[in-house]
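What follows is a single structure, written as structure tokens, with notes after it.
The values are calculated or read from the model by the stated rules, or taken from the named source; none is laboratory data. Computed from a predicted structure; not experimentally measured. Positions of Cβ are backbone-derived with ideal geometry, glycine not excepted, and every protein chain shown enters the neighbour counts.
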Amino acid sequence: MAAMSTLLSLLDAFDELPQARALRELTYRGLGDAVVDVGCGGGRAVGELVARGVAAIGVDLHPGMVEAAAERWPGGEFRVGDATALPLADGSVTGYRADKVLHAVAEPGRAVAEARRVLAPNGRAVLLGQDWDTWVIESGDPARTRALIRARAERVAHPLVARRYRNLLLDNGFADVTAEVHTIVWTDGTCLPVLADLAGEGAWLDEQIARARADRLFLALPIIVATGTRT
């Protein structure tokens, strides 16, 4: 439970940023009226889609996360399921969304193939997430910063999968595939939980805390967004 609470806090720190809200709005376009949000986490996207009149289903591998999402967003529908074996019928949704999840999936290619299976013809898939090897952080110790970023990347199964989003869609028969980068920028202390997760306690984090207090903090995360149409 403690680990899940920490993850929810990190997701909230990111998702509540105005830039992150604007990016979510962008990803909702063209998804149609029946959407699955894969790796739904705390359920925010499902809740926002339901508020727009969309029949949205959130799927997450972790039962505790599904329970938390249902409690946070009581109007949504949430199911426990694997990204590579979704609890949905063939062609049952018009939109598929996977946000900050494919880096944690053992076989991302199978997850994208599953997206094609559950999408109706002309349905839209949206994949988004960060490249875990690309953090831009101002620090007095650049070498230590690079080492921390690399170590954090090695904690996930596929830290560089966002670079492959476009090719994964193409390889699985999607058409009209696009890819673009949107950068989230933090300059205040709201990103300190993210930096604490990166580094843990110590001199490096202490410097970042001091920067936040002095209004001298800078963290930028490039988010890759790829879309495709199910043929």
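Can you tell me how many residues within region 65-118 are modelled with pLDDT of 95 or more, among the basic types (Lys, Arg) and surrounded by fewer than 21 Cβ atoms within 10 Å (Cβ to Cβ)?
The total comes to 4.
Within region 182-231, work out how many residues are hydrophobic (A, V, I, L, M, F, W, C), touching a Lys or Arg at 6+ places or on another chain (Cβ under 6 Å) and not in a loop (DSSP other than H, G, I, E, B).
Of the residues in region 182-231, 3 are hydrophobic (A, V, I, L, M, F, W, C), touching a Lys or Arg at 6+ places or on another chain (Cβ under 6 Å) and not in a loop (DSSP other than H, G, I, E, B).
A quick yes/no check of all residues on (1) under 23 Å from ALA104 (Cα atoms); (2) aromatic (Phe, Trp, Tyr):
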residue	(1), (2)
ASP37	yes, no
CYS40	yes, no
ALA55	no, no
ASP60	yes, no
VAL66	yes, no
TRP73	no, yes
ASP82	yes, no
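Quick one: would you say ARG163 is at pLDDT 95 or above, charged (D, E, K, R) and in contact with a helix residue (DSSP H, G or I) (Cβ under 6 Å, 6 or more places away or on another chain)?
Criteria not met by ARG163.
Can you pull out every residue in region 23-42 that is assigned to a loop (DSSP other than H, G, I, E, B), at pLDDT 95 or above and of a type outside the set (A, V, I, L, M, F, W, C)?
Of everything in region 23-42, those that are assigned to a loop (DSSP other than H, G, I, E, B), at pLDDT 95 or above and of a type outside the set (A, V, I, L, M, F, W, C) turn out to be ARG29, GLY30, GLY32, ASP33, GLY39.
I'd like the full set of residues that are of a type in the set (Lys, Arg), buried (at least 18 other Cβ atoms within 10 Å of the Cβ) and touching a Pro at 6+ places or on another chain (Cβ under 9 Å), limited to region 139-171.
Answer for region 139-171, where residues must be of a type in the set (Lys, Arg), buried (at least 18 other Cβ atoms within 10 Å of the Cβ) and touching a Pro at 6+ places or on another chain (Cβ under 9 Å): just ARG164.
State all residues of region 126-138 that are surrounded by 18 or more Cβ atoms within 10 Å (Cβ to Cβ) and either over 14 Å from HIS182 (Cβ atoms) or of a type in the set (Phe, Trp, Tyr) (or both); if no residue qualifies, say none.
Once the filter is applied, which keeps residues that are surrounded by 18 or more Cβ atoms within 10 Å (Cβ to Cβ) and either over 14 Å from HIS182 (Cβ atoms) or of a type in the set (Phe, Trp, Tyr) (or both), region 126-138 yields TRP132, TRP135, ILE137.
Could you run through region 120-164 and say how many residues are assigned to a helix (DSSP H, G or I), touching a residue at least 60 places away in the same chain (Cβ under 8 Å) and more than 21 Å from ASP15 (Cβ to Cβ)?
2
I'd like the full set of residues that are assigned to a strand (DSSP E or B), more than 16 Å from the chain's Cα centre (by Cα) and farther than 14 Å from VAL35 by Cβ, limited to region 79-119.
The answer is VAL80, ALA85.
Here's the yes/no breakdown for (1) without any contact (Cβ under 8 Å) to a residue 40 or more places away in the chain; (2) not aliphatic (A, V, I, L, M):
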residue	(1), (2)
LEU11	no, no
ARG21	yes, yes
GLU25	yes, yes
LEU31	no, no
ALA34	no, no
VAL38	no, no
GLY41	no, yes
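Say whether the condition of being of a type outside the set (Lys, Arg), more than 21 Å from LEU17 (Cβ to Cβ), at pLDDT 95 or above and surrounded by 16 or more Cβ atoms within 10 Å (Cβ to Cβ) is met by at least one residue in region 184-203.
no
Hey, could you check region 45-57 for residues that are under 18 Å from GLU16 (Cβ atoms) and under 19 Å from the mean Cα position of the chain (by Cα) and say which is surrounded by the most Cβ atoms within 10 Å (Cβ to Cβ)?
VAL46
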